Amino acid sequence: MLAQQENILSLMGLLGGTEEEAAKKLATRIALTVDNEAQLLANDVSALLERSLLVVEDAAPDIELALGTTFKTQAPEKIHVGLSASALTISRGTAGGAVTRDVPGLLRKIAACYAAGNVIARAVGGERFAHLPDPFVVNFSAFGVSPETLGRRITLDDAVLVGAGGVGNGFMWAAQELDLAGRLTIADPKRISAGGLNRCLFFCEDDIDSDKAAVLAERTSRPGLNVDAFVGAFAKLVAERKRVRRVFTTPDSREVRRSIQAELPLEVLDASTTDSTAVVVHSHRQPTDRACLACTYPHIRVEDQRRIHIAEGLGLSVDDVRRGFIDEQIARKLAALHPNLDEAALVGKAFDTVYREQCGQDVLLTAAGEQAVAPLAFISNLAGALLALDLARYDAPPLIEGSTYLTLDPWRPPTVHARRDPARNPDCEFCGTGNGLVAMRAVWPEMDWTAH
């Protein structure tokens, strides 16, 4: 139930309105009509939609989604999807093109995210989605990756995925379509919560309170790719290994991203979401004169306000919340303040996780200001899929140094202007000052730093 409550809060944050109105919109019934060639796409779309709406087999659903075929139900709203290696086309009311076989699997999964998002937009309606383009066309060239690039083998060595939540799940889901080899470590100190099930494709109810990293690693290892888990913060992992060459960053905190940059990885590929309104993908390798993680995610006042809101809502002090994770002492305090909470189950949880869960159950002690809500499933997984796409692009010869920052609205088609090159902050403590560069040189002495 908490997973559905997260969806309701997400929709309320996006469109406004009451909880009852949001719940009614999320009860929309979707039927998929599928051409034989479109079965894989249908599986992907269904997996995403099931985390938000109701996917049914019914002759009279609220919305029919026809994938590469003609409409066959009495639904009042009909949406058609056509897919080729170059583009996704979504149209209302009229059958369009086919779903072809030559679509790389990663592009198919990105297409599935956009198709699911379009269905959700039509289901919830409102002014925000009143003027969506029809047809809705996603040209894959806008992402700056050719289909040929996606067939290359990518060998991972000394690589760490930080974060096994929604975007981390999305990355591993999409990376199944790449020819990956080597070793990848998934690092996350958190445990699976009921609220996260609305967007994490590899988790189910039986996994609640299990370690995120362990479950995700177990379910995504495959022949040729060894995926192991590290249950702990990235800084602790680096303390053990001394340094990490490549890191994929997917946590839901600007502060955590800055802490990752402070550990001075040589290569960073990052993806994030801004609730349900934006997706950002960023990458850099040292030496570079472009933005690092700390440049891309500088400290902003909203972070302090957020910490205050969480502290007020849970009945704690700001210093308590600064600890990041709940220890036994804070668990005791929270259990006394909130009788619905299980003291033993709280230990090791993040404060923001408990805060969101309490928001969903409407049992906060005070009005805690504007709620920061989790994104819908298709948005988290789109961010993860675009991170996988950037991995393929990042490793493709010749090495691509430009256009290291991609930002887009997940509800609308991307444009060729979605990529840009943000400048490095000259005052950044990790890469833009003398001290930052001295530290990088000390950690990676074998690198050629003449570029700086």
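Figures for the structure shown
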| quantity | calculated |
| --- | --- |
| Euclidean distance between Cα centres, segment 408-452 to segment 108-131, Å | 33 |
| For segment 170-203 versus segment 48-79, the gap between their alpha-carbon centres in whole angstrom | 28 |
| Prolate/oblate/rounded call for segment 312-361, Cα gyration tensor, a/c under 1.5 rounded | rounded |
| Along each principal axis, Cα extent of segment 2-143, largest first, Å | 44, 36, 28 |
| Linear extension gain, ASN435 paired with ALA344, 0.36 nm per residue minus alpha-carbon span | 28.5 nm |
| If the convex hull is drawn through the Cα atoms of the chain, its volume per residue in Å³ | 144 |
| For segment 312-361: relative contact order, % (alpha-carbon pairs under 8 angstrom, 6 or more apart) | 40 |
| Reciprocal of mean inverse Cα separation for segment 10-60 (Kirkwood radius, Å) | 12.4 |
| Protection-proxy order for peptides 180-191, 139-150, 414-425, each taking the mean of Cβ atoms within 10 Å per residue, highest first | 180-191, 139-150, 414-425 |
| Packing rank of 114-124, 18-28, 44-54, where each peptide gets the mean count of other beta carbons within 10 Å, highest leading | 114-124, 44-54, 18-28 |
| Amide H contacts under 5 Å for THR33, placed H, 5+ residues apart | LEU65, ALA66, LEU67 |
| Backbone HN-Hα couplings from phi across segment 49-55 [Karplus 6.51/-1.76/1.60, Hz, Gly and Pro as x] | 5, 4, 7, 10, 10, 9, 8 |
| Listed peptides 94-102, 152-160 by packing density, highest first (mean Cβ within 10 Å) | 152-160, 94-102 |
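Values quoted throughout were computed directly from the atomic coordinates according to the rules given, and no laboratory measurement underlies them. Just so it is clear, the model here is predicted, and its values are computed rather than measured. Here Cβ is always computed from backbone atoms with ideal geometry, including for glycine, and neighbour counts include all displayed protein chains.
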